[in-house]
1. Suppose each label sits 7 Å from its Cα in the direction of the beta carbon; what would the Ala652-Asp172 distance come out to in nanometres?
2. Take the residue pairs Lys605/Lys657; Lys324/Lys644; Lys513/Lys660 and return only those whose Cα atoms are more than 29 Å apart.
3. Relative contact order of the chain: what whole-number percent is it, with Cα pairs under 8 angstrom and at least 6 residues apart?
4. Starting from the Cα of Gln227, step 7 Å along the direction of its Cβ; do the same at Arg427; then give the gap between the two resulting points in nm.
5. Leaving ligands, DNA and RNA out of it, work out the accessible area of Phe575 with a 1.4 Å probe and give it in Å² to the nearest 10.
6. If Val177, Val385 are ordered by their accessible area, calculated over protein heavy atoms with a 1.4 Å probe, which sequence runs from highest to lowest?
7. Compute from the Cα atoms of segment 87-231 the Rg and the Dmax, the latter being the longest Cα-Cα distance, and quote both in angstrom.
8. Determine the per residue accessible area of segment 151-270 with all protein chains present and a 1.4 angstrom probe, expressed in square angstrom.
Amino acid sequence: MFSDGPLPPGAPDWLARARTLRGELNGHNHAYYVLDQPSIPDAEYDRLFQELQALETAHPELVSPDSPTQRVGGAPLPQFDPVRHDVPMLSLGNGFADDDIVAFDKRVQDGLESLQQVRYAAELKFDGLAISLRYVDGVLVQAATRGDGTTGENVTANIRTVRAIPLRLHGDQIPAVLDVRGEVLMYKEDFARLNQRQRDAGQKEFANPRNAAAGSLRQLDSRITAQRTLRFFAYGIGVLEGADMPASHSALLDWYGQLGLPVCRERAVVTGADGLLAFYRGIGDKRDGLPYEIDGVVYKVDRLDQQKHLGFVSRAPRFALAHKFPAQEALTQVLDIEVQVGRTGAITPVARLNPVFVGGVTVTNATLHNEDEVRRKDVRIGDTVIVRRAGDVIPEVVAHVPEKRPQDARQFVMPKTCPVCDSPIVRLEDEAIARCSGGWLKCTAQRKGGLQHFASRRAMDIEGLGEQLVEQLVDRHVVNTPADLYRLGLSALSELDRMADKSAQNVLDALQKSKQTTLARFIYALGIRHVGEATAKELARHFGSLDKVLAADEAQLLDVADIGPVVAASIRAFFDDALNVELVEQLRAVGLQWSEDAGSDSQPKHLAGKTFVLTGTLPNLSRDEASQMIEAAGGKVAGSVSKKTSYVVAGAEAGSKLAKAEELGLAILDEDGLKALCNSGT
């Protein structure tokens, strides 16, 4: 297995490409599953995923537990209590062409050693949010999102507001325990009504029904969820106790209907590859007339005993496949190409389009990524272009249509100065991205982006300080730097649009609360280029104090795990800027605090080199709190149990990880044991 440390001299191109793909896919997974902000079209994600799969097939030594091909989704949000799935919620492999479906059917037949055609349950692939509902003696007691497939988010209070979901099952055979797997979604007409209310209230519209459903279900205030019409369809099962398991998947869905659970009518039992393809084409013909968005169909071997025989690969069942529809495309005209300025000064060309309805939403803008991409696709102002969208937030300009190019079509010219602050735009030789050179002090676009990043959940976690409020604070010259946030008073906030005294006070309370933070969060919040959460944690763990980070030269920074020359140079350049050092001092002066110690460069911590795995629910510590305690003592937290695991920390409802730890004879701790071990070095 290859690590993700610095590439060895003369490393082959495929190794570098695999690392790039892993990084990109992990970032897109986080954006899609955690942030509900898809960053690329589904079709592009699938292409990158298949490329990485092909590389790992050709070079098995590349495969590692943290590869996107070995996992399902993203981590749960910390605002909700974690819920461990007793039976993991796995994702499905994808098929796109008829040949993929024929090959899937052959693999199944070969796996079953059957001479007869296999019967499949065929159903829809909804574009919503996967949910697991737990019923105990017929009563709904818990609801959890998929999360990372093993641990999800507890959204029980919000699920209770979804009228499509019964709070109590009915029927003759009520199981003692039943985990129902299904999808929460929003119908097209309900989505249209929600966006009309958003427009009427002067609030931001949702991009598509999937985003609206996910955003509604992840509200911390369930009263907001109750105001939005969500639907639910059941399609799978986790734990079942106190009742006989049906013999087939189709019988399971029939039983769900008898229990009062919503089950989609658009399903069938078919035979062989021909039956699968006929179902796919039939659904494709009626897709636009369905009341909800779908992005494909799903095939499952119908008999459950055959499913069990076929089993699973690492991230997906062998007995099921998602057959995805082609990405939806439409033609429209490029009215203009403008540039947007990001938090780091990145200049992104954006195509302003004649509005076109594609992929379930009206599209008016499409990113062109960078100047090289505009040139490669030869997209010009006035061109007719193919726009592709498949349930994504960001549409893609696939190509221009040469025969429709007008004589007066104009080439895009990257501006020489920033459209926001008029500072020079520069592009380094080894970079594809051009950037505004004004910095956050001069460029209001960078200032706004920097403040939003500073206040974000993974950074200082200042609840209520969102995009609209930051826009007003900067535009009215109330706030110029993050330190200014902590100097805000009630009257200044109350005078802003849609800010009453109570909401203003809530923001002030959140600012006060954020003053007690961690060194890793503070470093990440500064927005140093190339420094993400993981790098910020490594810096905090290695040096232990901010002053040591500020004083470290590039050679010392290179001693930190996972930091290479580019990142080291970026950190050093940031702290060589007198304005950034002044900002750090101002933030200290307004009361930001964190615990510090000597750091691993001068005094190794007593759990250095030890690896921990957390499983189950601890009585008093959240998973984040337990992880922070371990990391503060020098240990590392891993997601899976292996022979290299030092300790497994087990709480209530610990499952397969605990069983594997016992099988391997590993040391097992409860919460008290973890606290004692972490504190033993003090």
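The values are calculated or read from the model by the stated rules, or taken from the named source; none is laboratory data. On a predicted model such as this, the values are computed, not experimentally measured, just so you know. Because the Cβ atoms are built from the backbone with ideal geometry, glycine has one as well, and the counts that use them run over all protein chains shown. Note: areas computed on protein heavy atoms with side chains; ligands, DNA, RNA excluded. Shrake-Rupley method; radii C 1.70, N 1.55, O 1.52, S 1.80 Å.
1. 3.6
2. Violating the 29 Å Cα-Cα cut-off are Lys324/Lys644; Lys513/Lys660.
3. 10
4. With each label placed 7 Å out from Cα toward Cβ, I get 4.5 nm.
5. Surface accessible to solvent at Phe575 totals approximately 10 Å².
6. Largest accessible area first, the list is Val177, Val385.
7. In order Rg, Dmax, the Cα atoms of segment 87-231 give 18.9, 62 Å.
8. 45
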